[in-house]
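**Student:** Pasting a structure below so you can have a look.
The values are calculated or read from the model by the stated rules, or taken from the named source; none is laboratory data. Every value quoted in this text rests on a predicted model; they were computed, and no experiment measured them. Here Cβ is always computed from backbone atoms with ideal geometry, including for glycine, and neighbour counts include all displayed protein chains.
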Amino acid sequence: MDGGGAYGAGKAGAPFDPVAFIKKPAVILRIVSWVFAIIVFGCISAEGQYKGQCAYNGDQNACNFGIAVGVIAFLACMVFLVTDAMMDQISSVEYRKYIVLADVGFSGLWTFMWFVCFCYLTNRWTNTPNKDISGRSDIEAAIAFSFFSILTWAALTALAVMRYRQGASQAFTRDYEPEAGANQSSPYTSYPSDPSQESYQEPPFVGAPEAAEGEYKPPSY
């Protein structure tokens, strides 16, 4: 099946336009999410350790969790940016569908993971007794950009859902739309237009021929 314009992408085989690609809302949000992920795991990695312990109330799991969520988000943004760039070259509607479904699932999951990360880091930092430490701004920046990441990944989830609905609607319309110019069969035969081909039948009620002379003829009452 031709994948022209399905699931929010252009027609298959269309030349790649980098300017139009950068202007796509999903691409802009992925780049922003990519930058936020770098800030989160970069700040935690650089300033998350204080005197050999995690700066978030000494909870090493908080530092590890924040770094893991940020690194995976960073890698996922790169993967989905590549798939977004390749969508126009994928002619199969099924493959496009799988990519969009993967985007919906992962973006929704990582919206939740960023929410957990924000709540976890905020709780650990709130309970930290000594906040007057070096690198405090970076530690708090990781919390702030965790919250911002919730918003960007939620927006990516919404866009992915819209793309999926658009593609599903187009596939349904394409499957059930009658072909243009298709001849629809009729249960009734058309009246012949050529008079020479008309066939005539004798009328069903024709008077019986007169009896031959000498033959018995029944009386009529």
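**Student:** Assuming Ser137 fulfils every condition listed in (1) out of contact with any helix residue (DSSP H, G or I) (no Cβ under 6 Å at 6 or more places or on another chain); (2) modelled with pLDDT of 95 or more apart from one, which condition is it?
**Tutor:** (2)
**Student:** Cβ-Cβ distance below 9 Å, separation of 6 or more or different chains: which pairs start in the range 93-116 with a residue that is in contact (Cβ under 8 Å) with a residue 40 or more places away in the chain and end on one that is basic (Lys, Arg) and exposed (fewer than 15 other Cβ atoms within 10 Å of the Cβ)?
**Tutor:** Val93/Arg174
**Student:** Does the range 33-51 include one or more residues that are touching a strand residue (DSSP E or B) at 6+ places or on another chain (Cβ under 6 Å), closer than 30 Å to Thr126 by Cβ and part of a helix (DSSP H, G or I)?
**Tutor:** No, the conditions are met nowhere in the range 33-51.
**Student:** How many of the residues making up the range 94-134 are of a type in the set (D, E, K, R), part of a helix (DSSP H, G or I) and touching a helix residue (DSSP H, G or I) at 6+ places or on another chain (Cβ under 8 Å)?
**Tutor:** Selection size over the range 94-134: 4.
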